[in-house]
Amino acid sequence: DGGITQSPKYLFRKEGQNVTLSCEQNLNHDAMYWYRQDPGQGLRLIYYSQIVNDFQKGDIAEGYSVSREKKESFPLTVTSAQKNPTAFYLCASSIVTRAEAFFGQGTRLTVV
Amino acid sequence: ILNVEQSPQSLHVQEGDSTNFTCSFPSSNFYALHWYRWETAKSPEALFVMTLNGDEKKKGRISATLNTKEGYSYLYIKGSQPEDSATYLCALSNSGYALNFGKGTSLLVTP
């Protein structure tokens, strides 16, 4: 089955630790994205990548880092510099940036 | 940041009612307008992608229209059913940039 897989579904992190969220797709899509959702907010763009080995900051990139070494994978690292990391994180992909996006199931990150 | 506004924030209708939501966006620099449905415990799913002024799209009981000159899109649901309960997201893209989402309209349809 083609789709996007995010793992883990739930993640707990101690303050001061870095943590990496996984996102894998087998749709052969060039573009991939990371969004964050907080209560009462829409989906806010963290980072996106239009092609392998290239990525751009979104609206709220501070405290996050990404890599795009393979077409299928776009991991997101939440660093200790992210002041308020507790949120729901969604990964998505599309053929190109303007096309219909396909989403993963999300990862809920909680800082304890 | 492309400012995408959705209204109303939430809506509660009875089964069988027809309803509609609005998505407003800056009319300049437009490329494509997307509608997604996000059901609880599932991933958002695309309903429509529209690019041309005057576009109308339909999928079953759900339809959407687009006015790029005045910067709005309407989503209509005819004869709402409980399974239509979800958050409906509008998103805008311009060339070479990722989708910019509104906060969504949360729809609850009760029997």
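Annotation: of all residues in segment A:20-46 being part of a strand (DSSP E or B) and among the charged types (D, E, K, R), the one that is farthest from A:Ala81 (Cα to Cα) is A:Glu24. On the stretch given as segment B:60-111, residues that are within 14 Å of chain A (Cβ to nearest Cβ) and of a type in the set (Gly, Ala, Ser) total 10. Restricting attention to segment A:6-36, the residues that are under 30 Å from B:Gln9 (Cβ atoms), in contact (Cβ under 8 Å) with a residue 60 or more places away in the chain, crowded, with 17+ Cβ neighbours inside 10 Å and within 14 Å of chain B (Cβ to nearest Cβ) total 5. Pairs meeting the criteria (first residue in segment B:43-59 and more than 9 Å from chain A (Cβ to nearest Cβ), second residue outside any strand (DSSP E or B) and of a type in the set (Phe, Trp, Tyr), beta carbons under 9 Å, at least 6 apart or on different chains) are B:Asn53/B:Phe30.
Go through segment A:75-106 and give me each residue that's within 12 Å of chain B (Cβ to nearest Cβ) and surrounded by 22 or more Cβ atoms within 10 Å (Cβ to Cβ).
A:Leu90, A:Cys91, A:Ala92, A:Ser93, A:Ser94, A:Thr97, A:Ala101, A:Phe103, A:Gly104
Let's see how each residue does on (1) of a type in the set (Val, Ile, Thr); (2) surrounded by 14 or more Cβ atoms within 10 Å (Cβ to Cβ):
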site: B:His34; (1), (2): no, yes
site: B:Thr40; (1), (2): yes, no
site: B:Leu47; (1), (2): no, yes
site: B:Ile77; (1), (2): yes, yes
site: B:Pro82; (1), (2): no, no
site: B:Gly102; (1), (2): no, yes
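Of all residues in segment A:68-102, those that are in contact with a Leu (Cβ under 9 Å, 6 or more places away or on another chain) and polar (S, T, N, Q) total 5.
The number of residues in segment A:47-67 being within 14 Å of chain B (Cβ to nearest Cβ), of a type outside the set (D, E, K, R) and not in a loop (DSSP other than H, G, I, E, B) comes to 8.
Condition test on B:Ala64, is it free of Cβ contacts under 8 Å to residues at least 12 places away in the same chain, buried (at least 18 other Cβ atoms within 10 Å of the Cβ) and not acidic (Asp, Glu)?
Taking the combined requirement at face value, the residue does not satisfy it.
Just so you know, all these numbers are worked out from the coordinates, no wet-lab data involved. This structure is a prediction, so every number in the text was calculated from the model and none was measured. Virtual Cβ from ideal backbone geometry, glycine too; neighbours counted across all protein chains shown.
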